[in-house]
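Contents: one structure, followed by commentary.
The values are calculated or read from the model by the stated rules, or taken from the named source; none is laboratory data. What you are looking at is a predicted structure, and each value in this text was computed from that prediction instead of being measured. All Cβ positions, glycine included, derive from the backbone under ideal geometry; neighbour counts span all protein chains shown. Side chains are part of the model used for accessible areas, which takes the heavy atoms of the whole protein and leaves out ligands, DNA and RNA. Shrake-Rupley method; radii C 1.70, N 1.55, O 1.52, S 1.80 Å.
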Amino acid sequence: MATQGARRWMWLLLVLPGILFVTVFMLIPLFSVILSTFFPDTSFSFGNYITLFTSKYFQQVFGRSVRLSLLSTVLCAVFGFPTAYYISRYSRQKGMMMALAVFPMFTSPVIRSFSWMVILGKKGIVNQFLVNAGLFARPQSLLYNEFSMTVGFVQLFLPQMILSLLGVMDSIPGDLTEAAGSLGATKFGAFMRIVFPLSVSGLVTGAVLVFTGCMTAYTTPQLLGATDTQVLSTMVYQYAMSLRDWTQASAVAVVMIVVTMLISGVFNRLSRRINPMAS
């Protein structure tokens with residue numbers, strides 16, 4: 001009994017610094033921000049949220065943020081799933097391929113956004129190709145719109161989707177697909193019945209990471225977007241730094257947190273429907 005009690009105290013001493021750090025530097029500031037939106041003066045009020053959700057400008061920004069985040073998540077899943085599957089099953093240079101997938105994460109989002117500004121600009125590579133190929137008579141406006149923001153989001157968060165899927169696919173025994181083939185299943189049938197359901201947990205993890213990153217990203221939409229294509233993150237900056245309205249900025253931040261949690265819950269429910277063992 002004494003040994004068990006000593007182990008419990010040791011476990012508590014090891015965990016306590018982390019709990020104190022998270023509480024002081026994350027939970028307390030977070031709850032103070034949330035409370036400030038409900039108590040702008042001394043009385044409880046939903047006024048900040050009513051003002052937000054009745055504003056057509058906020059409705060447009062909110063819809064754009066969710067739409068671009070979901071679109072970027074779907075595109076990352078479409079591009080990331082076959083890439084992770086190829087690296088996991090068929091690539092002989094697995095370490096090199098994983099390094100290439102992770103390498104963009106070592107570059108600052110600012111540098112990557114500026115790179116896309118050069119590539120998608122009116123004198124950039126894409127416009128030069130479109131004009132030289134005769135597809136367009138003049139350079140197109142590919143920057144400072146939702147298209148450029150989506151491109152930036154996908155390039156920024158695609159490595160996270162690939163790594164999330166790789167971690168799960170590497171743990172799937174290859175004998176399962178071979179056994180399915182010996183029982184008459186086609187490669188596509190074995191993939192849909194074995195590989196895809198067992199990869200759902202990694203897909204959900206990657207989707208949550210990508211969606212959360214897109215909803216909270218500031219640098220990419222600020223550089224690749226424009227004043228008329230704002231998202232929630234740039235709206236928080238506008239309220240806080242330009243208008244000096246910290247209460248409304250906090251309300252927008254709370255909305256971002258709630259939406260992220262709700263979408264994450266939806267992803268988890270979908271994963272349980274596809275494969276009850278995935279989560």
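Taking springs between alpha-carbon atoms closer than 10 angstrom, which of L166, L52, L156 fluctuates most in the Gaussian network model of the chain? Highest fluctuation among the options: L52. Per-residue surface analysis assigns F114 an accessible area of about 100 Å², computed on protein heavy atoms at 1.4 Å probe radius.
If you run the Gaussian network model on the chain, springs between alpha carbon atoms under 10 Å, then out of L163, L176, L70 the most flexible one is L176. For the chain, adding -39500 (n - 2.57) for each run of n ≥ 4 DSSP H residues and dividing by the number of residues yields -23000 deg cm²/dmol at 222 nm.
Rolling a 1.4 Å probe over the heavy atoms of the protein chains gives the chain an accessible area of 60 Å² per residue. Compare the Cα positions of F147, L262, W9 along the charge dipole of the chain (+1 at Cβ of Lys, Arg; -1 at Cβ of Asp, Glu; about the Cα centre) and return the one farthest towards the positive end. So the residue furthest toward the plus end is F147.
Ligands, DNA and RNA aside, M192 has an accessible area near 80 Å² when probed at 1.4 Å. Using Cβ point charges alone (K and R +1, D and E -1), the dipole size of the chain about the Cα centre works out to roughly 420 debye.
Neighbours of Q128, meaning other residues whose beta-carbon lies under 15 angstrom from its beta-carbon, give a summed charge of +3 when Lys and Arg score +1 and Asp and Glu score -1. Could you tell me which residue out of P40, Q248, L183 lies farthest along the dipole of the chain toward its positive end? Charges go on the beta carbon: Lys and Arg +1, Asp and Glu -1, centred on the Cα centre. The listed residue farthest towards the positive side: L183.
Carbon and sulfur: what percent of region 64-105's accessible surface (1.4 Å probe)? Intermediate values should be presented prior to the final figure.
Working: 1730 of 2430 Å².
After summing per-atom areas, the C and S share lands at 71 percent.
Net charge dipole, region 163-279: roughly 280 debye, given to the nearest 20, about the Cα centre with Cβ charges of +1 for Lys and Arg and -1 for Asp and Glu. The modelled label-to-label distance for the pair M96/V258, using points 7 Å beyond Cα in the direction of Cβ, is 5.1 nm.
Pairs of Cα atoms nearer than 8 Å and 6+ residues apart set the relative contact order; for region 141-265 it is 30 percent.
Could you work out the Rg to Rh ratio of region 153-223, with Rh taken as the Kirkwood radius (inverse of the mean 1/r over all Cα pairs)?
Working: Rg = 16.1 Å, Rh = 13.7 Å.
We get a ratio of 1.18 for region 153-223.
Here each label is just a point 7 Å from Cα along the line to Cβ, and for V266 and F46 those points are 2.1 nm apart.
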